[in-house]
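First up is the structure itself, then whatever we jot down about it.
The values are calculated or read from the model by the stated rules, or taken from the named source; none is laboratory data. The structure displayed is predicted, hence computed values, not measured ones. Backbone-built Cβ (ideal geometry, glycine too); neighbour counts: all protein chains shown.
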Amino acid sequence: MSDAEYDRLFRELQALELEHPSLRTPDSPTLRVGAPPLTAFPKRTHAVPMLSLANAFTDDELLAWEERIVRIAGTEVQRRGYSAELKIDGGAVSLTYVDGVLVHGATRGNGMVGEDVTPNIRTVRDVPLRLRGRRVPSPVEVRGEIYYPFDLFERMNEDLVRKGERVFANPRNAASGSLRLLDSSITASRPLRFFGYGIVAGDDAQLPVHLQTDVLDLLEQWGVPVAPHRRHCASMAEVIEWARQVEHEYRADLNFAIDGGVVKVNEIALQQDLGVIGGREPRWAIARKFAPDIAETTLLEIRVNVGRTGALNPYAVLDPVEIGGTTVTYATLHNEDLILRKDLRVGDRVQVKRAGEVIPQLIGPVPEQRTGHERRWHMPSRCPACGTPVVRDEGEAMHFCPNAACVGRRLEAIRHFASKGAMDIRGLGESRVAQLVDAGLVTDVADLYDLTADQLQGLEGFASRSAEQLVAAIDASRAQPLSRLLFGLGIRHVGATAAELLAREFRTMDALRAADEERIAAVHGIGEVIARSVTEYFADRTSAKLVDRLGVRKLTFEEPVSAPADGALRGQTVVITGTLPTLSRQQATALVEQSGGRVTDSVSKKTSFVLAGENPGSKLEKAKGLGVEVLNEDQLRQRLSQRG
């Protein structure tokens, strides 16, 4: 249904309910827009207390917890395994349904008594107003967490900045506060979301399932969203491995905050046998806490780095702060527009999030801590490396230094050329590049291939062996295929994927240089922007001279034909999602490409099939919605073996 059609029907329903109030049902979509403001929230006693969880901060503490519950309930605990779930960092709520219809929504409160925030709960889009399915007990409570997705939270803060209103400091506090607004129409305007994690049936009702993992499946059948990456673990070793994966692999890609995982005894009857400790903590569950990935510190300065294409990249200099066991001093800021949208000012107290294991990012400022001495920042009008006036193309977010000889561009260009994804010259890191440039031995990437071991031995840190090793690594990079070289050249808009597409299509450097913009744009996956950038690069006298010099130094200007003419996946487009049983993402991609296929990132009607593993995410749902075939790893191997 289109947005316009939905809006038309919604307005029609509003008019009908206004004319005939008795026809308004408890699950009417119009309740999501908010009810008249309240003067206070009534209290609501939970039928079963909403308990806190004990914490385990290490693997040893998890093992000690298992030992304790085995002593009480026996080894049956281990035989039935554990349910491992994400611990959402939001506001806990309990939703009561009678005959499948939402009648009450309450906050956790003190665990025994919470606040009845039903009008606000009704406005949360993910909360079902009526449960689906035939196996819904009555009454029944669904327990879960209200939270803000990171992207919607940032968009909301940006809107508040444009309106001149105060922004929110962090998603967790904002979620809890939004639930306790007396005017639910304000709550309705905020992009809150919900994940369910538990079910409490009434005294006379029985749950139709016996395992916690089945409870989560049942919630999904009822139409309740459940957090991703949940897993049934047959042993504590599997729990520990799951926790490691979540903390160090999955967490960086999540669009919401977590502060750990929750491990539960899977058998519900055993949960009841294990009981509660001191009336406050269930003995059958524990929180495996992770190192925090969000911290607060001071934005000391905003500096600008000049990238290999001339892009001016602002970054934050922070008062050093520890996040997840790592001291963070710098954070990415992307571009001037982002800094202005977030209203970041030098001197602000800011929240910093560790994005993966490498690049920290600023979530935003904490404006209530401003003293009045903070300073707004704007992009400098001249390149900080060479002083050339910067430019900004219409419709572009980035500012650029147009000087191809800029020393800042030169350093980044050489560093990128030598990087693992490009020419993969081992031993030529950022500090070594700077050392070679400062010594006057290298001014561009072609100069690398003229270096000798004798020249390097005269530099600090180079012995005879290390000098010979670097020269050998540079010499070995001559064999890298055309696709790696194109990526290494740092052509604007040409990433690794675009470089591969161009190399496969044109096969030689000469053919690509001779192609016009229209011919390049016709390559599937390239388009006008990349085509224009490529033709402009080769038309530039400095760039063309550099490519000629690389040819003289015998770098590979051809792309090998790797796929057999009769490959099983010849001409097919494949999307890979999730964690495969035995293949890494790179290995699966290589298999597809060796069989003539092409791997892309997004699912469309043109996708031949999706290769799905564990925890596949939204790509799998999109594939199902479009009717695209889905294969697992075994099915892929069978398909590849059908032709040879």
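Quick look at the values:
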| read-out | value |
| --- | --- |
| Unique match (being surrounded by 14 or more Cβ atoms within 10 Å (Cβ to Cβ), farther than 28 Å from R484 by Cβ and among the aliphatic types (A, V, I, L, M)) among V628, V547 | V628 |
| Which listed residue, of V239, V262, is assigned by TED's automatic domain parsing to the domain that holds R155, touching a Cys at 6+ places or on another chain (Cβ under 8 Å), in contact (Cβ under 8 Å) with a residue 60 or more places away in the chain and not charged (D, E, K, R) | V239 |
| Options A503, A479, A467, A498: the member that is surrounded by fewer than 19 Cβ atoms within 10 Å (Cβ to Cβ) and of a type outside the set (F, W, Y) | A479 |
| Total residues in segment 463-478, condition modelled with pLDDT of 90 or more and either assigned to a loop (DSSP other than H, G, I, E, B) or under 37 Å from the mean Cα position of the chain (by Cα) (or both) | 6 |
| Residue that is among the hydroxyl-bearing types (S, T, Y) and either exposed (fewer than 13 other Cβ atoms within 10 Å of the Cβ) or modelled with pLDDT under 90 (or both), where the choices are S83, S28 | S28 |
| Scope segment 241-257; condition surrounded by fewer than 19 Cβ atoms within 10 Å (Cβ to Cβ) and either of a type in the set (D, E, K, R) or part of a helix (DSSP H, G or I) (or both); matching residues | E241, R244, Q245, H248, E249, Y250, A252, D253 |
| Matching residues, segment 42-75, being free of Cβ contacts under 8 Å to residues at least 12 places away in the same chain and either of a type in the set (A, V, I, L, M) or assigned to a loop (DSSP other than H, G, I, E, B) (or both) | T58, A64, V70, G74, T75 |
| Those residues of segment 458-497 which are polar (S, T, N, Q) and more than 18 Å from V433 (Cβ to Cβ), in sequence order | S464, S483, T497 |
| Residues of segment 166-177 satisfying the condition of being more than 24 Å from the chain's Cα centre (by Cα) and modelled with pLDDT under 75 | R166 |
| Matching residues, segment 415-446, being under 21 Å from R549 (Cβ atoms), over 29 Å from the mean Cα position of the chain (by Cα) and of a type in the set (A, V, I, L, M) | I425, L428, V433, L436, V437, A439, L441, V442, V445, A446 |
| Tally of residues being of a type in the set (A, V, I, L, M, F, W, C) and surrounded by fewer than 21 Cβ atoms within 10 Å (Cβ to Cβ) across segment 507-523 | 6 |
| Only listed residue being of a type in the set (S, T, Y) and within 21 Å of W242 (Cα to Cα), chosen from Y82, Y97 | Y82 |
| Every residue from segment 444-458 that is assigned to a helix (DSSP H, G or I) and closer than 28 Å to T309 by Cα | V445, A446, D447, L448, Y449, D450, L456 |
| D424 at pLDDT below 85 and more than 11 Å from A311 (Cα to Cα) | no |
| Subset of segment 459-491 (residues that are within 23 Å of G307 (Cα to Cα) and basic (K, R)) | R484 |
| Residue check, G111 touching a His at 6+ places or on another chain (Cβ under 8 Å) and at pLDDT below 90 | yes |
| Residue check, A503 assigned to a helix (DSSP H, G or I), over 23 Å from I474 (Cβ atoms), among the hydrophobic types (A, V, I, L, M, F, W, C) and outside the structural domain of G310 (by TED's automatic domain parsing) | no |
| Segment 261-290, residues that are in contact with a Ser or Thr (Cβ under 9 Å, 6 or more places away or on another chain) and assigned to a loop (DSSP other than H, G, I, E, B) | N266, R280 |
| Search result, residues across segment 237-283 that are modelled with pLDDT under 90, of a type in the set (S, T, N, Q) and within 30 Å of F153 (Cβ to Cβ) | N255 |
| Some residue of segment 384-394 being touching a His at 6+ places or on another chain (Cβ under 8 Å), aliphatic (A, V, I, L, M) and either exposed (fewer than 15 other Cβ atoms within 10 Å of the Cβ) or at pLDDT below 90 (or both) | yes |
| Some residue of segment 423-439 being surrounded by fewer than 21 Cβ atoms within 10 Å (Cβ to Cβ), on the phi < 0 side of the Ramachandran plot, touching a residue at least 60 places away in the same chain (Cβ under 8 Å) and outside the structural domain of F153 (by TED's automatic domain parsing) | no |
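Per-residue answers, yes or no, for (1) within 30 Å of D450 (Cα to Cα); (2) surrounded by fewer than 20 Cβ atoms within 10 Å (Cβ to Cβ); (3) modelled with pLDDT of 85 or more; (4) outside the structural domain of D634 (by TED's automatic domain parsing):
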site	(1), (2), (3), (4)
V561	yes, yes, no, yes
G567	no, yes, no, yes
L583	no, yes, no, no
Q594	no, yes, no, no
L611	no, no, yes, no
N615	no, yes, no, no
L620	no, yes, yes, no
